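A short write-up of the structure that comes next.
The values are calculated or read from the model by the stated rules, or taken from the named source; none is laboratory data. These figures come from a predicted structure and were not determined experimentally. Counting neighbours? That spans all protein chains shown, and the Cβs are built from the backbone with ideal geometry, glycine included. Protein only, heavy atoms only, side chains kept; ligands, DNA and RNA dropped before computing areas. Shrake-Rupley method; radii C 1.70, N 1.55, O 1.52, S 1.80 Å.
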Amino acid sequence: MTVSLRIQDDGAWLSVDDQRRVGVGELWRFYDPGFCDCDLADAVVENLVEPGVDGRTVELRAVSQCIVCGEKTTTGWLPVGRVVDGEWRDVDREGLLLSNGSQRP
């Protein structure tokens, strides 16, 4: 089954099969030592850069700013949802997201 992933509105939305699913302005908490020096980054998503897929998991790289230390850069690959039997399912982006950067170039 094919699913269309696109970044829309100049990086403001991730569209999955032409439905907006993930947008900027969200606060993501994640572990990614390449993002900033904080043990856990609490970052405001400012721009969605690139979508990807790892199995059924939809991932994003996003320009974000840590509200703890102020670092602003692009995240590694972070899970934002899953496609199961052709249906979108959100992951808990208010909880802890684990970077999947070691699996992507």
- Query: Restricting attention to segment 66-93, and to residues there that are in a strand (DSSP E or B) and open to solvent by 70 Å² or more (accessible area, probe 1.4 Å), which single residue is modelled with the lowest pLDDT?
  - Reply: Glu87
- Note on the structure: Exactly one of Leu27, Leu5, Leu14 is over 18 Å from Ile67 (Cβ atoms) and in contact with an Asp or Glu (Cβ under 9 Å, 6 or more places away or on another chain), and that one is Leu5
- State whether one or more residues within segment 5-19 are touching a residue at least 60 places away in the same chain (Cβ under 8 Å) and among the hydroxyl-bearing types (Ser, Thr, Tyr). no
- Query: Got at least one residue in segment 40-58 being farther than 13 Å from Leu14 by Cα, buried (at least 21 other Cβ atoms within 10 Å of the Cβ) and out of contact with any Gly (no Cβ under 8 Å at 6 or more places or on another chain)?
  - Reply: yes
- Criterion violated by Ala62 - all others in (1) more than 17 Å from Leu5 (Cβ to Cβ); (2) at pLDDT 95 or above; (3) under 14 Å from the mean Cα position of the chain (by Cα) satisfied: (1)
- Message: Given the options Gly52, Gly11, name the one that is within 13 Å of the chain's Cα centre (by Cα) and in a loop (DSSP other than H, G, I, E, B).
- Response: Gly11
